[in-house]
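First comes the structure, then the notes that go with it.
The values are calculated or read from the model by the stated rules, or taken from the named source; none is laboratory data. Given the structure is predicted, the values throughout are model-derived calculations rather than measurements. Here the Cβ positions follow ideal geometry from the backbone for every residue, glycine too, while neighbour counts run over all protein chains shown. Each accessible area value is taken on the protein alone, full model and side chains, heavy atoms only, with ligands, DNA and RNA left out. Shrake-Rupley method; radii C 1.70, N 1.55, O 1.52, S 1.80 Å.
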Amino acid sequence: MRRILITGGAGFIGANFVHYWRRTYPADHVVVLDSLTYAGNLANLQEAQGQPNFRFIRGDIRDYELVRNLLIEERLDTIVHFAAESHVDRSILGPDAFVETNIVGTHTLLKAAKSAWLDRGPAGAPSPHRFHQVSTDEVFGSLSPVAPPFTEETPYAPNSPYAASKAAADHLVRAYHQTYGLEVTISNCSNNYGPYQFPEKLIPLVLVNILEGRPLPIYGDGRNIRDWLYVEDHCRGIDCILQQGRVGECYAIGGDNEKSNIEIVELVCRLVDEKMASSATLRPRFPRAPAASGRSAKELITYVKDRPGHDRRYAIDGRKIKQALGFTAAESFATGIVKTIDWYLANEIWWRQVMDGSYRQWIDSQYGPRAESAVVSPRG
Ligand code: NAD
Ligand code: TYD
């Protein structure tokens, strides 16, 4: 039985991981640490709140004392570290928060883990322990259209402040293993999609913009390529690494599913058009969607100025995690994208609240506007 700290567990992948983990290992003790930035949402954890073996703490990963005390008091033996600033466009506009959370925050977690797990001697420390760093394929930089996909051996060449901050964090994780013997693993995953993704990332942004009849901004020529993985498959990949991965190793996780941005956007347009055409209840719910008046969502596609330093292509060679740990993605893109669209259609209140600021107001009314380290627990 594990006692696991999930940082960033109120965000997109973290929340999916919390649900996955609680379903798969119901006896495990799960603690979520999340500061609830704009991207963190307590509604994502509604199912888990108040349940036995689950605790939510609003706090910052840069708070060394908070993290160290948590590790010791809760006797935690595993950290799965999702907490991050995660949006490339925001990193271009304001890189400081990325340096603070992704680099300083990760280093603070590593220091706290070292202190709680290594420096207190065999009597105080859990054995084994694990620090799993959730990283991205963006640390490897950009591929040409014909280049072989990224592997675990690809040299780091990050291009955005986001990617650079994740790369720096990965190096610190590696260094804590090499220098101090902290038991770490790292995963470098491709683009995720699925439920609870904040509607600033391509797929949910396009989806809600179609429903609202707003333009669908395509950066540059729309031919940039990403490798898309359904979020639950990412969670399963991390699970495989925690169970069977070798300490000190990195694993690349991909979906074997390279698609250009324009392909993705046109597919989402077509699927939403078809759903609206066949559903008499959707048309009055979303009257501004082109399909509500018999038109195609594709008319909303708008080519805009390219993102600075926009990486052309990401692709993952997933042979290591497949051969060593038996992992392959279970969800096809064809089924995953339909599940995702259905989730957003069924959870209109969720995306409206995160977009119109009412969720933010509610959080501030519960915690005070900048109560970054307030602690909330069902146990009081
Ligand atoms: P997200 O932005 O949806 O969620 C991030 C979470 O971290 C939020 O809940 C936020 O409140 C929390 N957080 C931010 N700063 C914090 C701090 N200082 N202290 C405590 N909590 C803080 O991100 P995501 O898309 O779920 O990504 C999760 C992780 O997975 C990130 O590390 C990201 O780099 C990595 N990743 C993401 C993708 C993807 O496609 N989204 C792909 C590969 C890897
Ligand atoms: P995004 O979801 O931001 O993920 P990442 O930058 O981490 O890959 O973007 C995915 C791709 O979609 C990326 O090539 C940028 C592009 N994109 C657009 O063309 N328009 C948009 O409005 C957004 C958000 C992204």
Quick check, is Asn53 without any contact (Cβ under 8 Å) to a residue 60 or more places away in the chain, on the phi > 0 side of the Ramachandran plot and open to solvent by 30 Å² or more (accessible area, probe 1.4 Å)? yes
The range 299-321: number of residues that are charged (D, E, K, R) and away from ligand 2 (no atom under 15 Å from the Cβ): 4
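Residues are listed down the side, and each one gets a yes or a no for (1) outside any helix (DSSP H, G or I); (2) open to solvent by less than 60 Å² (accessible area, probe 1.4 Å); (3) within 30 Å of Ser142 (Cα to Cα):
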site	(1), (2), (3)
Lys275	no, yes, no
Ser279	yes, yes, no
Pro287	yes, no, no
Pro308	yes, no, yes
Ile321	no, yes, yes
Phe327	yes, yes, yes
Glu331	yes, yes, yes
Gly336	no, yes, yes
From Ile79, Ile13, grab the single residue that is open to solvent by 10 Å² or more (accessible area, probe 1.4 Å), closer than 25 Å to Val139 by Cα and hydrophobic (A, V, I, L, M, F, W, C). Ile13
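Considering each of Arg90, Arg130 in turn, give the residue that is touching a strand residue (DSSP E or B) at 6+ places or on another chain (Cβ under 7 Å) and open to solvent by 10 Å² or more (accessible area, probe 1.4 Å).
Testing whether each residue is touching a strand residue (DSSP E or B) at 6+ places or on another chain (Cβ under 7 Å) and open to solvent by 10 Å² or more (accessible area, probe 1.4 Å) leaves just Arg130.
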Cβ-Cβ under 7 Å pairs, at least 6 apart or on other chains, the range 175-204 side without any contact (Cβ under 8 Å) to a residue 60 or more places away in the chain, far side near ligand 1 (Cβ under 10 Å from one of its atoms) and not in a helix (DSSP H, G or I): none
Would you confirm whether any residue within the range 209-222 is within 20 Å of the chain's Cα centre (by Cα), within 21 Å of Glu138 (Cα to Cα) and of a type in the set (D, E, K, R)? no
Hey, Ser86 within 16 Å of ligand 2 (Cβ to nearest atom) and not in a helix (DSSP H, G or I) or not: yes
Condition set more than 9 Å from ligand 1 (Cβ to nearest atom) and more than 25 Å from Ile241 (Cα to Cα), scope the range 93-118, selection least open to solvent (accessible area, probe 1.4 Å): answer is Phe98
